[in-house]
Structures are given as structure tokens and as C-alpha cells.
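Engineer: Structure in C-alpha cells, see below.
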Amino acid sequence: MIRGTPNRPRYTMIIELDRCVGCDACIVACKSENAAPGGLVYDPVRPFETQFNGVAKTMFLPLLCMHCDDAPCIKACPSRALRKRDDGIVIVNEDLCCGFRACVTACPYGAIQVPKEHEIFGSGRFTPLDRYALSRHSLNVAQKCNLCSHRIDAGRLQPACVEVCPTECRIFGDANDPDGPIAKLLEKGPAIKLRLDAKSKPSVSYILPMATRGGMTGEVPR
Amino acid sequence: MAKLKSEMMREPLAEQVVHGCCFLCPNNSCASLIHVVNQKVVKILPKMNPHNLGKMCAKGMSAHVGLYSPYRITTPLLRRNKRKGIGVDPEWDEIKWGEALDMIAERLKSLRRTDPRKFAFFSFKTAHMTYYGAFTSAFGSPNFRPFSASLFCGNNVHTMCYMVHGTFHDAPDLDYCKLLMTFGTQYSSVGGIDTMYSAKKVPEARRRGMKFIVVDPIQSPAAARADQWVPIRPGTDMVLALGMVNLLLNRYGIFDEQFLKLRTNAPYLVTEGERYVRSPENGKPLVWDSHEGKAKPYDSEVGDKDYALTGTYAVDGLECKPGFEIVKDRIKKWTPEEVERISTVPASVVKDLARQWGETASIGSTISIDGHVLPYRPVALHWYRGISAHKNSTLTGFALSLLKLVVGAVDVPGASLGEPYEEGYAMEGPDGLLTTSPHAHGIPPPYPPRRTRRPETLWSFELFPTAAVSETMMAISYLYPDKYPLPYKIDTLFNHHTNIAKTSFNPQQMASILAEIPFQVSFNFELDETAEFADVVIPALHNLETLTPFGNVNNLHPGMHVKYFLASFPAAKPPFESPYDEATDIMDYLLEIAERADFLDDVNSVLNMVLRLKGENRLDPKGRYTWREIADRYLRSRFGDEHSLEWFREHGFITLPRKINEAYPGAFQKPRVPFYFEFMARAYEDLKTTLADLGYREWDFSAYKTVPDWHPCPSHTASDPEYDLYLINRKASFLNQSQSGNNPLLVKLAEQSRAYDLVMHESTAREKGISDGDTVYVQSLDGIREKGRVRLSNAIHPETIVSTGIGGAWAKGTPIAEGRGFDFNKFLWITPDRMDFGNGAFDSCLKVKVWKAQD
């Protein structure tokens, strides 16, 4: 955590995996809030199964743009459509994007998509919702999670996915605020980051169930 | 439409924001803010309020995808093909609105002259059940019900909640609870009642130290986030509860003596014949005063400590024991080892659960809330469909209730609390036991048992003296009329917001019933399976196009939370022209039909009664009101004249304070609750006589027990070793109730998380040569067979195979849903031996064999 820069916020998100129940409310809120066209999803939730103390455990992994500090997508983009804002949010400017897909390849997290019409619209019959989405976005250009920067800029406190999350497993805040929710959460237990091997310095982090609750019992009978 | 400044965003287009409410599940009615751009709903987000706490599920937030479905019906339709069945083309003709409504009205007019009971109306739009019920009873029929939901939803939940709490539901006191144990429900993982409230509050409570234990054959998302998951063989939850009660009473000696003596009938003296010993003077049940050494009526002066709970006594030469002694003795056989044999829950786990339960209950402790010192029992129990939909449903409910009662964890801080509860709901009934005000929830309470009589309703509710619902009996009567005669057959059926053809039980069986109903009207926004059986289809307004004055009928969070009531406003215009452009609800169509069929005056009169309209807000029976006007009068009557529809349009909802005796009635109310179910013996005698008089020869009385005892479901006694797995069903939060099936966004979510797949234990699958992603056949002992794709897991009971949601849609009008998912309902072949004759629950765990499909 970077301290001592109170005037410059650095927005990020921590996800507590002991809370996520895989309800997908975040996906739907994100799609509506950002008018993501057709079947496009910026923040998928991946179910998986693991073991804690020999006990099988169903988990859900909410994914989104990791808003990397050394973002490979920005480096890869030939048209400078991607940039890191001062507040830490990596945003894409669809107007500048030429659909080259270098960012898609560069991103270690699969967080960027360049949707083609036939990939995201099934029947070919556009509903009013599809038309609204297409008034807000272009096809064949890069799209991804912008951490609801339009909400942050408008003075709203949270991205849509954070606001609606029923179990409040997503914590959003300013990593530079020593009294903020991010700092408070990090005091409780260590957070991990995904794919550190890619050396992209991801900003988004996760708290494992073991860190907060010490696992679970529940042996399956033989 | 009101603009809410706080909700305005820096968006490229100006928005309007409307106060809405979601009606896509029966449990909640979450308040929402509906964002409208250029007269189109583009976004639904939750509204901060005391009920859904600013949270909403995937389904509710994607309701506008359904609103703009290209498959919506936009004109009334008339069936040309007289043949009805699955896959039969109705051959629709588009007709004029006036023609459709006149045709319906003419039918009703003549039916009302002959036998109005033959009209039935099925709908599970919970916020509208009062209104649709009023329409039906004004017509002269007792037959308004949700129907399919009542086959296997809360059959043993509602009955027990009425008996123990005086309410329709119960919910844990998440503010003070220290140990929450749930059975057969996904409560807290965006499932079950109080969906969003529990999803937010359970993790919060865990953070402050509450332990959460989930008993479920499959590790549901709720169980996965719990502290302890207890995998159990389906349908055996009762023995786990009885085993825990046995340990508490007979081994650990942990029970709330004071509570049992003063708040239950445990001290009532009972004879060998399972009846109370009654006072010869006033007929009241007697208790034994151990201080004075004599029997006295239960309500006479007895010192708190002096009620005898154990021992054998002689009263007027009659040997008798307190009910407590009988229960204590009868459950001795439920040793931890015996529990393990039947349920597969290891004996050590049974002991541990019982000890945790007993110790955490902190019997004798108190807590101070708002200056009131109240009993503190921070253990709560909650259960739902998973353990209700079984042959032994009634007695399972009794057994789990004992677990609450033995530690006094009823309606006090930290415990299970009745919901929704308002002052005056719980009253003292016969023999000092709790009964519920008939006004409270619109269902006659199960205690005192209702006198049985010749059936008047289609589902022979009159033969289910202690049930809350009994719709399964209608299906049985249609299918097995020789043994279980129908009082009469349906002539005209209305249906809205419930897809009974697909969601009830085996569709072929349901189709054979529907094909027999001569005239069916479906108010529908898509041509779903039920609409395919209709004679007339009326385009329904989508929830986002309707006005609902009182959205949250079932949801008043228990504990010290404000009472809250919301109204929901239309945010869009329907995509069709009708002569009723001002229509804001299906009720507008129904009022029009009632007027054309000459019974509008009766509808107005019944609405006056059920909405409790007062003073100037009462409807003139001769008047013709729009739904908007009636909604306005309803709100003013309920909340005072200043709280008009316009007030709610601006504010969305109203909150009212809750008194401490409404929050924790257990610390205040006097009526006792049943620990020994003596009245079941009396109900049995009464029912037996009635059935003999009516000529019924076969009836299963196994639910009529005074002390819960295990009896197996048909699946437990199946002996063919090839049929070695239990097929069970669960919901996914985004695939909950069939309306989600044709929503492309929810379908995508379901596909991404493999919710359409069957789930099987890895080791079971390995033995059968099945790998992850394989297609398998599942076949029941009835010979019903269905194909499905399998997902392997270690987080599931190895004896089970689990399907999620309701697949098998066939309607041509819902092509996105068509053919997706596993058709679980196909396996629910209705036979009398699978029904619990106590509460109408239909058993939905089946023994199946599973093999890899080679084709």
C-alpha cells in the first residue's frame, strides 16, 4: 500500500472470496450501468471447486480488469486508446481504438474484448435495449471494465457491481486512504493478487477464505 | 414520473427514475429504481430501503430484458384448434379486445348462474393474491390459489410457523443470533425468503461471530460460505433433529425448563390414549402441581417451578404423564448411531451439533434491548422446500420445531422470529395454545384443527384439518377420481404469473388435467406452456408496466426493524394498443370483465372488505373505478389520507415504527405452543369419521402423530440395487422460477456457470464410468427417462444427483427457454403414495439409475 499521498487517490477493489455466493448480480448491474451490448460481460464470475483441510469447497471468482500499475494493454496499444488515469483506473477510449486487438492478446487476465456483432447478438433482432447499448458503444473496438469511472467522476462512491453486491464481497476504495475500507480490510489478513508471473502489477486483490475464517468442516460420507 | 436528484447521473442522456418493485420471485418484492431514457427502461438498480437494503439479484435487475422480449403477445388470441395437449398447435386467431372480453364475460355470466365454484384462478403473483382472491370470491368461488407452488414449497414451513409463531414464515434474528442452522434452503445465498436481506446480513453476522451451519445434500453456495456443511441423505432431516433433541433431553440434560413449563403444553397431562386429561368442571387440560401434589387446570395458580414435566400420575384413577415425559421417552431410540444409519450424518457430528445447539442457546440468559430485559436464546433454525417436499413432511416439521422449543428459542432475541408479525396476530386459542388471527395471512390457521367436512374446494382442503395448503389433492383427484373424488370439475380457469403446465409436476399428467378444462384464459406476456392450453390469451402487462399499491405483502423483517410498505409504479407503456390504454394492471382487465359479466358490485364490496377500506375511501358497490383509483383509496385507508398514491409516487415507501412486543413477541405473549401434538389425535378421529361418512376407503394417516416419528419416503424403501441414487432438485439464484427461462441474459449466466448441468459426486461417477461433461441417462423406477449433461463435484452427497432449476420448456412462444436444462418435473409422477396426507406436500426425491449415454 502506498501511503503519504493523501491528495492523490488511487482507486482499487478487494474481493473477499469468503463472501461471494456466485449470484451474478454484479454482472447484470455492470451490463446495465455500462450499457454493455448484447451478451458482452465485462466482469464474469467463475465458479470452481477446491479443497480446504481435505474438505471440498465450492468457490466463485469474480473477475474484472485488474487495473494494473504496469498495464501490458497500454504498452501494446498502437493507437493509445488505453491509458492509466492518475487515480489508478485503466480506461479505454473507444473512439481512439482501431480494433487491432493487441490489448486482448497482451492482457494476462482476458479482461478486454473486441466484440463482433455476430458474437454478441444472437437472433439479429435488435431490441430497444440493444439499440440503446449501440448508442453508447461501438462494435469492433476494445471494451472492458472502467471501474465505473463515470460514477466516480460524478462523485458517486462506488462502481455499480460494488453497490449491488448482496454479500458485499467487493470492497472499493482509495488505497491511499489510511482510514478507508481498503486499508481496514488489509489489516485483517493478507490479500493475494492473480497471475503475478505476468509482472503487470495488478491493482485488484483478493482475500482468501482461510485468511478470515479458518476454512470449513463438512466431510462427505463414504 | 418523478426525477430523483440523488439518483441523477452524469450520463449522456437525461434520465427519469421511477420507484419500482420486482415481482419476479414470490418471496420478496425488492424495491428498485427504474431508469428510463427516451421512454425506454434501460437500467434497473436496487433502491436503498429497509427491506432489500439497496441490494437486488441478477434476475430482478434484468427484468427489462424481459420487458423488451421480441416474443411478447400484443393482441388477444383465440384458439381455433379444440384439441389441447403438449406440442399441439393451438392455431391462434388474433381477435379484438372487446370480442375477447365479451366472450370471457359471457362464459362467466352463465357459469355464475349454474355453479360459480367451477371457476378457478391460479396465480403466484404474491403482491396480487389479495386482489385476485377478491375477484374470485366475489364471483362466488373458493378456488383462488397459487397452485403449483403449493405442491412442494412451504407445506411444513407455514403449518409450523402458524403453530409456533402465529405467522406465515419465520426468520432468524440476525442482529443477535450466535448460531444459525438451516435445513434444505439456500437462505443467505440470494435464495429463500428475505433474499437480499439475508444475503447481506448473514455474512455481517458471521463477521461479528455468528456460526452458520447448513444441512443440505449438496454444498449450495450458502453451504459453501457457511462454517459447517452437513451433507445428509435426502428426506432424512427429521432423524437428525430428533437425534439432537434426544441428546439434549436424555443425555446432556440441556433444556429450557421455564419455557417448556410456561410457554408450551409440555406439562399438560396425557393419557395412554394420547389425549389430555381434562378438568371435569371446565374441560381444561390438567397439569400436575408437584408442590401441592395434585392435578390442576393448566391456567390455574401454579408456581413457575412446580409444573411437573416428568413422572407418572394418577388422576381420578387414570394413569397419565406430562406430554414432556412421553416425548422424552419416545425419542430415546434416536441414538447418534441410529441417526447415522438413516441419515449418514456421522454420530460424532450429531453429538457435536446437539452440544453446540444446547450450549449456544445460553438457557436462562437475558439481554437488555431499549431498556427491556428479555430472554436471550441466540440460536435460530430455518428450513424450507428441501425438507418440506417429502412424504414425511408434516412430522419433519414437528421434529424441527421441537429443536426450537426444547431450548426456548422462539420469538425472543437471537432466536427464530415469526414473520411478518404485527400486534394482534397471535391469539390464545382453545386449551391455551396459540392460534393466529384469521385476518393475519388469509389462510385459516392450522390450530385449532379445522372440523373436517365434505370438500368444497377443488383441492379438498376441508379434509386437511391442519394444513396451510393442499393443492396436490386436486391433481390426485383429477388423476385418481375413483379413490379420491373431485367435488366438481373446473369449467373456467384464469391464469396469470404462474406457468402451471410446466412447473407443477409431470407435464404429461398436468396436460391431461388441463386438456379436460373446457375454457381457459391466460393473462400472459409470452406464449408459455400454460398459454398453449388456453382458449383465450389476453396480453398481460409486464411488471414494469403495472401499478402495485402494496408490493411487499410478506416481508416485514422481524426484530427491531421498522415496518415498511412500498408502492410500485409503471415505468413503461405496453407495446400494444388497447381500448384500455389507461390500464395500469391486470386488475383493470378483471374489473372490466366483472362489469361485463354483471358482478362488479360484488367485486367492489369484497375489495372494501379485504382491503379494509375506510370512510370516504370505501368503494360504492355501484361505482366503476380504475385500478389507479382503488390503489389510491387502499393506500389512504391503510396509511392515512395524506399518504395518497401521489405521495408514494414521490417517496416510494413508508416506514412505521415497531414496538418491542412486536419485535420479540415471545417475551410478551402468553399463548402456549405445542410440544406434544395432542390435537393431531383428535384431528385424526374427526377426519376418520368424515372420510367414512363420505365413502373414502383409502387414506394415509401416517402424518397424524402426537410425537414425530420417522417414516421413510417411497425412495428410501426402493429395493432395486440398480437404482442407487437420489435425484433431487435445487434452485439457482438467477434461474429461480420459470420466468427467467426465456431471458437471454439469465440464460447466458446459467450457461456460464453450468447451471443446466446435473451434478454428481466424482467417486460415484467414476464407479459408473462417467466423466465430467458426459451426457447421461437418468431413469426413475416409474420408467421415466431423461438425458442430461453431468458436472462432477466433490461437494455433494455421493448418493445424490442434483438438477438445478426447471428445464424442459417446450413452448414455441418462448424459444430461448425451449429445450434448455434438465426436465426434473418430468420425474414427479403424481401418485397418492407420494403425498403427505397431513399437509399436501408432494415428495420430490426419487430413486434413479444413471448411466452414460452411448448415443
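The values are calculated or read from the model by the stated rules, or taken from the named source; none is laboratory data. None of these values were measured; they are calculated from a predicted model. All Cβ positions, glycine included, derive from the backbone under ideal geometry; neighbour counts span all protein chains shown. Quick note on the areas: whole protein, heavy atoms, side chains included, nothing else; ligands and nucleic acids left out. Shrake-Rupley method; radii C 1.70, N 1.55, O 1.52, S 1.80 Å.
Residues checked against (1) within 14 Å of chain B (Cβ to nearest Cβ); (2) under 27 Å from residue A:20 (Cα atoms); (3) touching a residue at least 24 places away in the same chain (Cβ under 8 Å):
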| residue | (1), (2), (3) |
| --- | --- |
| A:92 | no, no, yes |
| A:100 | no, no, no |
| A:121 | yes, no, yes |
| A:142 | no, no, yes |
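Yes or no, residue by residue, for (1) within 9 Å of chain A (Cβ to nearest Cβ); (2) in contact (Cβ under 8 Å) with a residue 60 or more places away in the chain; (3) more than 19 Å from residue B:524 (Cα to Cα):
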| position | (1), (2), (3) |
| --- | --- |
| B:47 | no, yes, yes |
| B:59 | yes, yes, no |
| B:62 | yes, yes, no |
| B:72 | no, yes, no |
| B:84 | no, yes, no |
| B:87 | no, yes, no |
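Engineer: Okay, next question. From (1) more than 11 Å from chain B (Cβ to nearest Cβ); (2) touching a Phe, Trp or Tyr at 6+ places or on another chain (Cβ under 9 Å); (3) farther than 27 Å from residue B:68 by Cβ; (4) at pLDDT 95 or above, pick out the condition that doesn't hold for residue A:157.
Structural biologist: With (1) more than 11 Å from chain B (Cβ to nearest Cβ); (2) touching a Phe, Trp or Tyr at 6+ places or on another chain (Cβ under 9 Å); (3) farther than 27 Å from residue B:68 by Cβ; (4) at pLDDT 95 or above applied to residue A:157, the lone miss is (4).
Engineer: Considering each residue of segment B:311-352, count those that are open to solvent by less than 30 Å² (accessible area, probe 1.4 Å) and more than 17 Å from residue B:275 (Cα to Cα), and give that number.
Structural biologist: Residues flagged as open to solvent by less than 30 Å² (accessible area, probe 1.4 Å) and more than 17 Å from residue B:275 (Cα to Cα) within segment B:311-352 amount to 10.
Engineer: Follow-up. How many of the residues making up segment B:618-634 are farther than 13 Å from residue B:590 by Cα and either open to solvent by 20 Å² or more (accessible area, probe 1.4 Å) or of a type in the set (S, T, N, Q) (or both)?
Structural biologist: 9
Okay, residues lined up against (1) of a type outside the set (A, V, I, L, M); (2) more than 30 Å from residue A:171 (Cα to Cα); (3) open to solvent by 10 Å² or more (accessible area, probe 1.4 Å):
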{"site": "B:144", "(1), (2), (3)": "yes, yes, yes"}
{"site": "B:157", "(1), (2), (3)": "no, yes, no"}
{"site": "B:166", "(1), (2), (3)": "yes, yes, no"}
{"site": "B:173", "(1), (2), (3)": "yes, no, no"}
{"site": "B:176", "(1), (2), (3)": "yes, no, yes"}
{"site": "B:179", "(1), (2), (3)": "no, no, no"}
{"site": "B:203", "(1), (2), (3)": "yes, no, yes"}
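Engineer: Within segment B:787-840, which residues are at pLDDT 95 or above, of a type in the set (Lys, Arg) and touching a Phe, Trp or Tyr at 6+ places or on another chain (Cβ under 7 Å)?
Structural biologist: Passing the criteria: B:787, B:834.
Engineer: A follow-up question, please. What number of residues within segment B:102-117 are surrounded by fewer than 22 Cβ atoms within 10 Å (Cβ to Cβ) and either within 17 Å of residue B:534 (Cβ to Cβ) or in contact (Cβ under 8 Å) with a residue 12 or more places away in the chain (or both)?
Structural biologist: Counting residues in segment B:102-117 that are surrounded by fewer than 22 Cβ atoms within 10 Å (Cβ to Cβ) and either within 17 Å of residue B:534 (Cβ to Cβ) or in contact (Cβ under 8 Å) with a residue 12 or more places away in the chain (or both) gives 11.
Engineer: May I pose another question? For the structure I just gave you, tell me whether residue B:809 is within 14 Å of chain A (Cβ to nearest Cβ) and at negative phi.
Structural biologist: Numbers: within 14 Å of chain A (Cβ to nearest Cβ): no; at negative phi: yes.
In short, no.
Engineer: If you don't mind, there's one more thing I want to ask. Just give me the residues in segment B:314-334 being assigned to a loop (DSSP other than H, G, I, E, B) and under 20 Å from residue B:252 (Cβ atoms), in sequence order.
Structural biologist: First, pick out the residues of segment B:314-334 that are assigned to a loop (DSSP other than H, G, I, E, B): B:316-317, B:334.
Correct list: B:334 only.
Yes/no matrix, rows are residues, columns are (1) acidic (Asp, Glu); (2) within 14 Å of chain A (Cβ to nearest Cβ); (3) closer than 26 Å to residue B:818 by Cα:
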position: B:690; (1), (2), (3): no, no, no
position: B:698; (1), (2), (3): yes, no, no
position: B:707; (1), (2), (3): no, no, no
position: B:729; (1), (2), (3): no, no, yes
position: B:742; (1), (2), (3): no, yes, yes
position: B:752; (1), (2), (3): no, yes, yes
position: B:776; (1), (2), (3): no, no, yes
position: B:781; (1), (2), (3): no, no, no
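Engineer: Across segment B:408-466, what is the number of residues that are under 26 Å from residue B:368 (Cβ atoms), open to solvent by less than 10 Å² (accessible area, probe 1.4 Å) and in a loop (DSSP other than H, G, I, E, B)?
Structural biologist: Residues flagged as under 26 Å from residue B:368 (Cβ atoms), open to solvent by less than 10 Å² (accessible area, probe 1.4 Å) and in a loop (DSSP other than H, G, I, E, B) within segment B:408-466 amount to 8.
Quick grid of which residues meet (1) in a loop (DSSP other than H, G, I, E, B); (2) in contact with a strand residue (DSSP E or B) (Cβ under 9 Å, 6 or more places away or on another chain); (3) more than 14 Å from every other protein chain (Cβ to nearest Cβ); (4) at pLDDT below 95:
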{"residue": "A:109", "(1), (2), (3), (4)": "yes, no, yes, no"}
{"residue": "A:151", "(1), (2), (3), (4)": "no, no, no, yes"}
{"residue": "A:168", "(1), (2), (3), (4)": "yes, yes, no, no"}
{"residue": "A:190", "(1), (2), (3), (4)": "yes, yes, yes, yes"}
{"residue": "A:212", "(1), (2), (3), (4)": "no, yes, no, yes"}
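Engineer: Here is a list of conditions, (1) free of Cβ contacts under 8 Å to residues at least 60 places away in the same chain; (2) away from every other protein chain (no Cβ under 14 Å); (3) over 26 Å from residue B:86 (Cα atoms), and residue B:770 meets all of them except one; can you say which number that is?
Structural biologist: (1)
Engineer: Mind listing just one residue for me: the one in segment B:110-161 that is closer than 17 Å to residue B:24 by Cα and in a loop (DSSP other than H, G, I, E, B) and, of those, farthest from the chain's Cα centre (by Cα)?
Structural biologist: B:125
Residue by residue, here is whether (1) in a helix (DSSP H, G or I); (2) closer than 26 Å to residue B:232 by Cβ; (3) of a type in the set (Lys, Arg) holds:
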site: B:712; (1), (2), (3): no, yes, no
site: B:715; (1), (2), (3): yes, yes, no
site: B:719; (1), (2), (3): no, yes, no
site: B:722; (1), (2), (3): no, yes, no
site: B:745; (1), (2), (3): yes, no, no
site: B:751; (1), (2), (3): yes, no, no
site: B:754; (1), (2), (3): no, yes, yes
site: B:759; (1), (2), (3): no, yes, no
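Engineer: Okay, next question. With respect to residue B:822, determine if the residue is of a type in the set (A, V, I, L, M, F, W, C), crowded, with 23+ Cβ neighbours inside 10 Å and over 30 Å from residue B:524 (Cβ atoms). Quick ask: steps written out before the conclusion?
Structural biologist: On the way: of a type in the set (A, V, I, L, M, F, W, C): yes; crowded, with 23+ Cβ neighbours inside 10 Å: yes; over 30 Å from residue B:524 (Cβ atoms): no.
Criteria not met by residue B:822.
Engineer: Right, here's the next one. Suppose the filter is of a type outside the set (A, V, I, L, M), over 28 Å from residue B:422 (Cα atoms), crowded, with 16+ Cβ neighbours inside 10 Å and in contact (Cβ under 8 Å) with a residue 60 or more places away in the chain; does residue B:676 pass it?
Structural biologist: So residue B:676 fails the test.
Engineer: Right, here's the next one. Name the residues in segment B:226-250 that are over 26 Å from the mean Cα position of the chain (by Cα) and either within 14 Å of chain A (Cβ to nearest Cβ) or among the acidic types (Asp, Glu) (or both), would you?
Structural biologist: B:227
Engineer: State whether the residues of segment A:60-71 include one that is of a type in the set (A, V, I, L, M, F, W, C), within 8 Å of chain B (Cβ to nearest Cβ) and open to solvent by less than 10 Å² (accessible area, probe 1.4 Å).
Structural biologist: So far as segment A:60-71 goes, no, none of its residues is of a type in the set (A, V, I, L, M, F, W, C), within 8 Å of chain B (Cβ to nearest Cβ) and open to solvent by less than 10 Å² (accessible area, probe 1.4 Å).
Engineer: Moving to a separate point now. List, please: which pairs have Cβ atoms under 9 Å, are six or more places apart or on different chains, and start with a residue in segment B:31-42 that is under 15 Å from residue A:33 (Cβ atoms) and end with one that is at pLDDT 95 or above and of a type in the set (Ser, Thr, Tyr)?
Structural biologist: Short answer, once both residue conditions are applied: B:35/A:32; B:42/A:32.
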